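Below is one structure, written out as structure tokens, with a few remarks after it.
The values are calculated or read from the model by the stated rules, or taken from the named source; none is laboratory data. Every value quoted in this text rests on a predicted model; they were computed, and no experiment measured them. All Cβ positions, glycine included, derive from the backbone under ideal geometry; neighbour counts span all protein chains shown.
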Number of protein chains: 2
Amino acid sequence: MDPLNAFVPGRRCEIAGAANGPLQGLTFAVKDLIDVAGWPTGGGNPDWERANPVPVRHAWVVERLLSAGASIIGKTATDEVSLGILGENPFTGTPLNPAAPDRVPGGSSSGSASAVAGGVCDFALGTDTGGSVRVPSSFSGLFGIRPTHGRLDFRGITVQAPTSDTVGWMARDPAVFAAVGETLFGEPLPDALPTRLLVATDAFAFADPAVSEALMPLVDRLADIVGARAEITLAPQGLSVWQAAQRCLQSSESLRTFAPWLDQYNPRMQFGVARNLALASLITDADRNKAALMREEARARLRLLLPPGTILCLPTTPFPAPVLGQSVSALAFPRERITCLACLGGLTGSPQVNLPGATVDGAPVGLSIVGPRGSDTALLAVARAFMDE
Amino acid sequence: MDPLNAFVPGRRCEIAGAANGPLQGLTFAVKDLIDVAGWPTGGGNPDWERANPVPVRHAWVVERLLSAGASIIGKTATDEVSLGILGENPFTGTPLNPAAPDRVPGGSSSGSASAVAGGVCDFALGTDTGGSVRVPSSFSGLFGIRPTHGRLDFRGITVQAPTSDTVGWMARDPAVFAAVGETLFGEPLPDALPTRLLVATDAFAFADPAVSEALMPLVDRLADIVGARAEITLAPQGLSVWQAAQRCLQSSESLRTFAPWLDQYNPRMQFGVARNLALASLITDADRNKAALMREEARARLRLLLPPGTILCLPTTPFPAPVLGQSVSALAFPRERITCLACLGGLTGSPQVNLPGATVDGAPVGLSIVGPRGSDTALLAVARAFMDE
């Protein structure tokens, strides 16, 4: 039984990890966009599952975790082919948000967040192209990481938008969260923590005032750990300008990825997902060029802001999870607002970690820390220190 | 069992007609967009069925036919909410085309055509907004009528585009075909047949040469029945110009009809159907005004061409049914070509009847006759005389 509705029906595959290893005794769930040998990769859509052969090989990340001793307990629900940020899926059902049962779990790594927050496994793998690990982590009160783009081998994982796609994970316990990182990044957490914290005032101002207020004690705690603190503007061009650039690039790449499948299989999809793909066909080369230049500006901005030893923080989401069952139009603007804060991951490729610990109206909302490219283990070290504080 | 896959699974409702009446002993099937009291109106989409209450009253046409003695044997498959012309539906399955089993049945009244062509009932109800009775009739070798727009009561039938929507039927036997018309139109067939036949040379030239050639003996037979024969141009502005106008108006109205459902239910749909609805949101008022003017031109053209006693003929479809299982892109242009010949129904509101009797490569293709508004029973009389010939 799966009272959380976190797992894809019929896909509670149990695969034991190696007898020895640093993750021995830990259990994990795998988003159903990541290959587990011998089990279909369903991608949250029956016509995706039908179109793709059952994988004969584990994805690289799955193989690494099994070799390190962790055991798989099942494959988890996802928004259709990763195209969603809220976690509602009519084909496999919407997973429960255990931290806020009347609200969406967040997506697209919805089932992974639900399984971890519900306590049925120690950690879970997800993918994050435009926010799909960070947003459900924020909404469900979990640690979650989007690694540096390109750092972890993406073999065996369903592509959406290659210049933004990453594979990450979520956990309740910062020690587990860090241990998975040591295994996958292949290096121990550094002893020295970053020494300077930047607070992205434009991002805090963009979030609901109640969210910024709820996160302030977490920012203070971070500043205590790190030392120096300064306020900065993250996106001088505007968060919405960055978001538009990411949306343009990600939508274009998504359509290019899925076009052969759409054409050959004419798949059943939620109207809202299909509509976004259809409208992506209207994006021009001029739009893409402009967006690609803005991406360079965003990358330049982060290089400028984040020399080694500096991290920045911002709200992961501008509000806690929306309540379940709202109409497409009611959720359209909230989706856009979420991606205004989440866009920097895909746009800049920088690593980002969600720290839990705040609530608004009883529902979780997370604080994100972002470091320079390659600083993944430093962020995990901050997360561990943050909880020890 | 339903080897034709014509009926919606679980919806073989059997409702006996009145003990006496002109249609006594005849059986019919009802497209699952037309209400039968006590049975869901599924509309070929699980989320349409979920969104709509089970009707407590028969549609007007159903009530009339039952009162006249005909009996229902089931509800038949349709393209999703009538949005399709080929009959492929992944939710309920694609009905067999008994006349050409390797080809699509045509749609959206796909199951109705399949059931009648497969011999499991005497006639079947369908709806025709942009060709949904005429096209499957052509593809399956059946008599089929799209009545004068507005002539038959549309109560209890799922609306698509109100200025084009009609309810019609299909039959194998011209006597049955005519008898249903006498019941629904409430008048006997006229004794006097039309006296002048116009041959729409632009429409014949637009069809595949093999189709025009195969239809010529039918045209000759028609001319023998009717008497005088003349060649005319149907659409001086161009069939494709008429088609663009109909497409614009029908797409706009469809989106307006279904927008509340799309918004509230975010339904699962085939990508191709969802895409057309999404792209309809780009149509402007200026586009609509231009299209509405072209509709007036088309209506004026038919008023000019069709004084009382005159009918015109054209190929119903430019080719026989496409083979099954083609990609979305492979079928895109064929769909447009089909609607270039079918558009005059929705655009002008004139009644149109498909006459079977020709094949190309072993697959049926039909000849259409079109009369002035209100000449429905005259067209049925021609159809009956045509088969007696």
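Structure above, values below:
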item: Verdict on A:D191 being over 23 Å from the mean Cα position of the chain (by Cα), outside the structural domain of A:M294 (by TED's automatic domain parsing) and farther than 24 Å from A:A321 by Cα; result: yes
item: Within region B:285-312, considering residues that are in contact with a Ser or Thr (Cβ under 6 Å, 6 or more places away or on another chain) and either in a helix (DSSP H, G or I) or among the aromatic types (F, W, Y) (or both), the one farthest from the other protein chains (Cβ to nearest Cβ); result: B:L302
item: Long-range neighbours under 7 Å by Cβ, at least six apart or interchain, first residue under 19 Å from A:G107 (Cβ atoms) and at pLDDT 95 or above within region A:140-169, second of a type in the set (F, W, Y) and not in a strand (DSSP E or B); result: A:F143/A:F177; A:D165/A:F154; A:V167/A:F154
item: Residue among A:V61, A:V135 that is outside the structural domain of A:G371 (by TED's automatic domain parsing), surrounded by 20 or more Cβ atoms within 10 Å (Cβ to Cβ), of a type in the set (A, V, I, L, M) and touching a strand residue (DSSP E or B) at 6+ places or on another chain (Cβ under 8 Å); result: A:V61
item: All positions within region B:66-98 that are more than 17 Å from B:I157 (Cβ to Cβ), out of contact with any Leu (no Cβ under 7 Å at 6 or more places or on another chain) and of a type in the set (A, V, I, L, M); result: B:I73, B:I85
item: B:L282 being within 14 Å of another protein chain (Cβ to nearest Cβ) and buried (at least 21 other Cβ atoms within 10 Å of the Cβ); result: no
item: Condition met for A:L379 (closer than 17 Å to A:A298 by Cβ and either in a helix (DSSP H, G or I) or at pLDDT below 95 (or both)); result: no
item: Answer from B:V273, B:V241 - the residue that is within 22 Å of the chain's Cα centre (by Cα), β-branched (V, I, T), crowded, with 16+ Cβ neighbours inside 10 Å and within 14 Å of chain A (Cβ to nearest Cβ); result: B:V273
item: Identity of the residue in region B:313-359, assigned to a loop (DSSP other than H, G, I, E, B) and over 14 Å from B:S138 (Cβ atoms), that ends up nearest to the other protein chains (Cβ to nearest Cβ); result: B:S327
item: Residue satisfying condition, being touching a residue at least 24 places away in the same chain (Cβ under 8 Å), within 14 Å of chain A (Cβ to nearest Cβ) and not in a loop (DSSP other than H, G, I, E, B), within set B:F258, B:F204; result: B:F258
item: Single residue of B:T78, B:T148 found to be surrounded by fewer than 24 Cβ atoms within 10 Å (Cβ to Cβ) and under 14 Å from the mean Cα position of the chain (by Cα); result: B:T148
item: Residue in region A:183-197 that is in contact with a strand residue (DSSP E or B) (Cβ under 7 Å, 6 or more places away or on another chain) and of a type in the set (A, V, I, L, M, F, W, C) present; result: yes
item: Any hit, region A:200-221, residues being modelled with pLDDT under 95, under 18 Å from A:D388 (Cα atoms), not assigned by TED's automatic domain parsing to the domain that holds A:G44 and not acidic (D, E); result: no
item: Count - residues of region A:303-318 that are out of contact with any strand residue (DSSP E or B) (no Cβ under 7 Å at 6 or more places or on another chain) and surrounded by fewer than 21 Cβ atoms within 10 Å (Cβ to Cβ); result: 4
item: Unique match (being under 23 Å from A:S375 (Cβ atoms) and not hydrophobic (A, V, I, L, M, F, W, C)) among A:G111, A:G141, A:G130; result: A:G130
